[in-house]
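The values are calculated or read from the model by the stated rules, or taken from the named source; none is laboratory data. Computed from a predicted model, the values in this text were never measured in an experiment. Cβ atoms come from the backbone with ideal geometry, glycine included; neighbour counts cover every protein chain shown. For accessibility, only protein heavy atoms count, side chains too; no ligands or nucleic acids. Shrake-Rupley method; radii C 1.70, N 1.55, O 1.52, S 1.80 Å.
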Amino acid sequence: MSAPSYDRQNPAFFALLAALVVMSLGPIVLMLATSLKLNVDIMDETAGLLFVPTIRNYETALCNMLWYEPAHVDYCDKSFGRALINSLIVALVSTAITLVIGCMAAYAIVRFKFMGRGTVSLTTLMMRMVPPAVLLVPVFGIWTFQYGLDGTYAGVILVYVAMNLPFVIWILQSFIVQVPVQLEEAAKMDGANPFQVFFLVVLPVIKPGLAAASIFTFRIAWNEFLLANALLDRNTRTVPVTIVNSLTEHDIDWGVIMATGTLLAIPPIIFTFVASKQIITGMTAGAVKG
């Protein structure tokens, strides 16, 4: 039985395509449009899509990071600016540590022969199947009552590294396996030590794998809410925790919330764009112009 084919001239195909586009981009466009509205326009049922855009919500959210004082801001809430810096620290540091440990562990599993190598490889992947919610109570208890790491960057960074490390090891193994052993042997014959072989020969070849792993790790650390909400305090909260905590029973500033949501999406997009260029570069590095 042949696979189903889709006639691009069929109106149903265009309807399905349009529905997918609306479902994918609709919430993003709505969030961006709401962030450019005043609260009066947001609550007005007759405003619709016709409104005068304004950046006042962004000025309110970033009031402590601007070089000027917005005239409409009576009290500058520094929580979002502080949370943005916290998110960058947590996401970048945890991504860097995860990649360093992950690529070394993946290289050891692929190249070194030791007892239980297959078991170790399978165990690392199975650890990734554990839901983060299962780790919440034990990690909170250990971090709070035994090590005193609650409310610190180190506490949540260690959790993110442990949570993302199995997948990074697993995905980098598939890239290291494809590196010819002859390259490493040639480098050793030229006098390179094991560290030089790893850092100067292997890592440049597996750049696409490192880029893919970094995108995955950064986005998980940037968007994670459950563990961050339990382990971080007022001074170390990340952006997702700050946005949720700004939703109160009596006062909800939807314009500022949508502005912070838009700002929350910008760093992962930039990071993904920069890292994806390494993937494209690695895929086309061996191409020959005909």
Problem set entry | Selected residue (only one of V134, V139, V100 is more than 24 Å from F175 (Cα to Cα), under 22 Å from the mean Cα position of the chain (by Cα), modelled with pLDDT of 80 or more and loosely packed, with under 13 Cβ neighbours inside 10 Å) | V134
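Quick grid of which residues meet (1) in a helix (DSSP H, G or I); (2) modelled with pLDDT under 85:
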position: T236; (1), (2): no, no
position: I252; (1), (2): no, yes
position: T262; (1), (2): yes, no
position: I270; (1), (2): yes, no
position: M283; (1), (2): yes, yes
position: A287; (1), (2): no, yes
For this session: Can you run down the residue pairs with Cβ atoms below 8 Å, 6 or more apart or on separate chains, where the first is in segment 77-106 and more than 30 Å from V197 (Cβ to Cβ) and the partner is among the hydroxyl-bearing types (S, T, Y) and not in a helix (DSSP H, G or I)?
Result: S79/S246; A83/T238; N86/T236; N86/T238; S87/T238; V90/T238
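Here's the yes/no breakdown for (1) at positive phi; (2) of a type in the set (V, I, T); (3) part of a helix (DSSP H, G or I):
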{"residue": "A71", "(1), (2), (3)": "no, no, no"}
{"residue": "L84", "(1), (2), (3)": "no, no, yes"}
{"residue": "T95", "(1), (2), (3)": "no, yes, yes"}
{"residue": "G102", "(1), (2), (3)": "no, no, yes"}
{"residue": "A108", "(1), (2), (3)": "no, no, yes"}
Problem set entry | In segment 142-159, the residues that are in contact (Cβ under 8 Å) with a residue 24 or more places away in the chain and either open to solvent by 50 Å² or more (accessible area, probe 1.4 Å) or within 29 Å of F175 (Cβ to Cβ) (or both) | D150, Y153, V156, I157, V159
Problem set entry | segment 110-131, subset outside any helix (DSSP H, G or I) and either charged (D, E, K, R) or under 21 Å from the mean Cα position of the chain (by Cα) (or both), residue modelled with the lowest pLDDT | R128
For this session: Please state which of the following conditions I85 fails to meet, knowing it meets all the rest: (1) at pLDDT 90 or above; (2) open to solvent by 60 Å² or more (accessible area, probe 1.4 Å); (3) over 20 Å from the mean Cα position of the chain (by Cα).
Result: (3)
Problem set entry | Candidates K207, K188, filtered to the one that is open to solvent by 60 Å² or more (accessible area, probe 1.4 Å) and in contact (Cβ under 8 Å) with a residue 12 or more places away in the chain | K207
Exercise. Is it fair to say Q182 is more than 22 Å from the chain's Cα centre (by Cα), of a type outside the set (A, V, I, L, M), open to solvent by 20 Å² or more (accessible area, probe 1.4 Å) and more than 27 Å from V134 (Cα to Cα)?
Worked result: yes
Exercise. Is there any pair with a first residue in segment 21-48 that is modelled with pLDDT under 85 and a second that is among the acidic types (D, E) whose Cβ atoms are under 8 Å apart and which are 6 or more apart or on different chains, and what are they?
Worked result: N39/D253; A47/D41
Exercise. Hey, among W254, W170, which residue is closer than 28 Å to L122 by Cα, open to solvent by 40 Å² or more (accessible area, probe 1.4 Å) and of a type in the set (F, W, Y)?
Worked result: W170
For this session: For F80, work out the one condition from (1) aromatic (F, W, Y); (2) open to solvent by less than 60 Å² (accessible area, probe 1.4 Å); (3) over 22 Å from the mean Cα position of the chain (by Cα) it doesn't fulfil.
Result: (3)
